[in-house]
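The values are calculated or read from the model by the stated rules, or taken from the named source; none is laboratory data. Here the structure is a predicted model, which is why all the values come from computation and not from measurement. A quick note on method: Cβ atoms are made from the backbone with ideal geometry, for glycine too, and the neighbour counts reach across all protein chains shown.
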Amino acid sequence: MLSLKSETSPDWVARLEPHMDEVLIDHAHCEKKAAGTAMNMIFSYVEHPEFVVPLTEVVEEELLHFRQVIEVLVSRGKKLVGQPQSSYGRRLSALIRTNEPDKVVDRCCVAALIEARSCERFTLLRDHLRDPRLADFYGTLLESEARHHALYLRLAEHFATKDVIRDRLEELAQEEASIVADGDPTPRLHS
Ligand SMILES: [Fe+2]
Ligand SMILES: [Fe+2]
């Protein structure tokens with residue numbers, strides 16, 4: 001799906017399901033980080049209006065998702081608490097090259113892959129969670145994450161050719177698949 005090089009097994013939902021409060025806390029942090037990623041790119045490339053204007057919508061949508069996840073947590077009698085950074089995000093960020101324009105291409109490709117993995121996982125949660133309200137909630141988030149995936153790849157085209165982006169996306173997607181295969185000891189959306 002959407003550039004990914006590995007497919008998550010539906011068993012993943014069964015493993016996560018007993019820990020949905022922790023998963024929702026992780027999810028809230030992911031939405032906050034997604035808003036931060038888009039905002040950081042606005043700061044870095046502010047002199048490119050055609051690049052930053054679409055990102056303002058991503059910031060708004062991710063903050064809306066963040067708010068929605070907090071509301072779900074509150075409805076379950078839980079609240080958001082801090083958590084250590086996930087190895088998934090840290091290891092993907094470490095792959096971003098440091099010289100421009102490689103850096104911006106990598107930032108866009110990594111963001112696109114994270115959006116794609118979120119979209120894949122939200123689809124599984126929609127289809128396999130036994131709690132119908134939670135399943136419906138994940139169904140409502142799918143479309144925008146798929147759209148963000150496509151947007152980040154389109155934005156990269158302001159800085160590199162389609163061929164260059166495709167080749168780098170291919171490499172980073174292989175890395176993403178191996179990082180996700182290593183998993184995380186705690187129940188997380190990207191573990
Ligand atoms: Fe989101
Ligand atoms: Fe997103």
(request) Provide a single number: the residues in segment 42-67 that are part of a helix (DSSP H, G or I) and away from ligand 2 (no atom under 12 Å from the Cβ). (result) 11
(message) Which condition from (1) surrounded by 23 or more Cβ atoms within 10 Å (Cβ to Cβ); (2) more than 15 Å from the chain's Cα centre (by Cα) is the one that GLU145 breaks?
(response) (2)
(request) Mind counting the residues in segment 3-19 that are touching a helix residue (DSSP H, G or I) at 6+ places or on another chain (Cβ under 6 Å), among the hydrophobic types (A, V, I, L, M, F, W, C) and more than 10 Å from ALA177 (Cβ to Cβ)? (result) 2
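Every residue, every condition in (1) within 27 Å of HIS158 (Cα to Cα); (2) surrounded by 13 or more Cβ atoms within 10 Å (Cβ to Cβ), yes or no:
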position	(1), (2)
GLU62	yes, yes
VAL72	no, yes
ALA94	yes, no
THR98	yes, no
VAL104	yes, yes
ARG121	no, yes
ARG130	no, no
(message) I'm trying to understand the selection: among the residues of segment 43-67, which are touching a residue at least 12 places away in the same chain (Cβ under 8 Å) and among the aliphatic types (A, V, I, L, M)?
(response) LEU55, VAL58, VAL59, LEU63
(request) Name every residue in segment 70-128 that is hydrophobic (A, V, I, L, M, F, W, C), outside any helix (DSSP H, G or I) and either closer than 26 Å to TRP12 by Cβ or in contact (Cβ under 8 Å) with a residue 60 or more places away in the chain (or both), in order of residue number. (result) LEU80, VAL81, ALA94, LEU95
(message) Of the residues ARG107, ARG117, only one is charged (D, E, K, R), modelled with pLDDT of 95 or more, closer than 20 Å to HIS190 by Cα and away from ligand 1 (no atom under 16 Å from the Cβ); which?
(response) ARG107
(request) Six or more apart or on different chains, Cβ under 6 Å: which pairs go from a residue in segment 140-151 that's under 14 Å from ALA38 (Cα atoms) to one that's crowded, with 19+ Cβ neighbours inside 10 Å and among the aliphatic types (A, V, I, L, M)? Could you list them? (result) HIS148/VAL58; HIS149/ALA112; HIS149/ALA116
(message) Please go through (1) of a type outside the set (Val, Ile, Thr); (2) in contact with a Leu (Cβ under 6 Å, 6 or more places away or on another chain); (3) within 16 Å of ligand 2 (Cβ to nearest atom) for PRO187 and return the number of the only condition it doesn't satisfy.
(response) (3)
(message) Pairs please, first residue from segment 1-23 and over 16 Å from ASP184 (Cα atoms), second anywhere and outside any loop (DSSP other than H, G, I, E, B) and among the β-branched types (Val, Ile, Thr), Cβ atoms under 7 Å, 6+ apart in sequence or on different chains.
(response) SER6/VAL180
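How many residues does segment 123-143 contain that are among the β-branched types (Val, Ile, Thr) and within 15 Å of LEU189 (Cβ to Cβ)? Spell out how you get there, then give the answer.
Quick first cut of segment 123-143, residues among the β-branched types (Val, Ile, Thr) only: 123, 140.
If we keep only those that are within 15 Å of LEU189 (Cβ to Cβ) too, we end up with 123.
Result for segment 123-143: 1.
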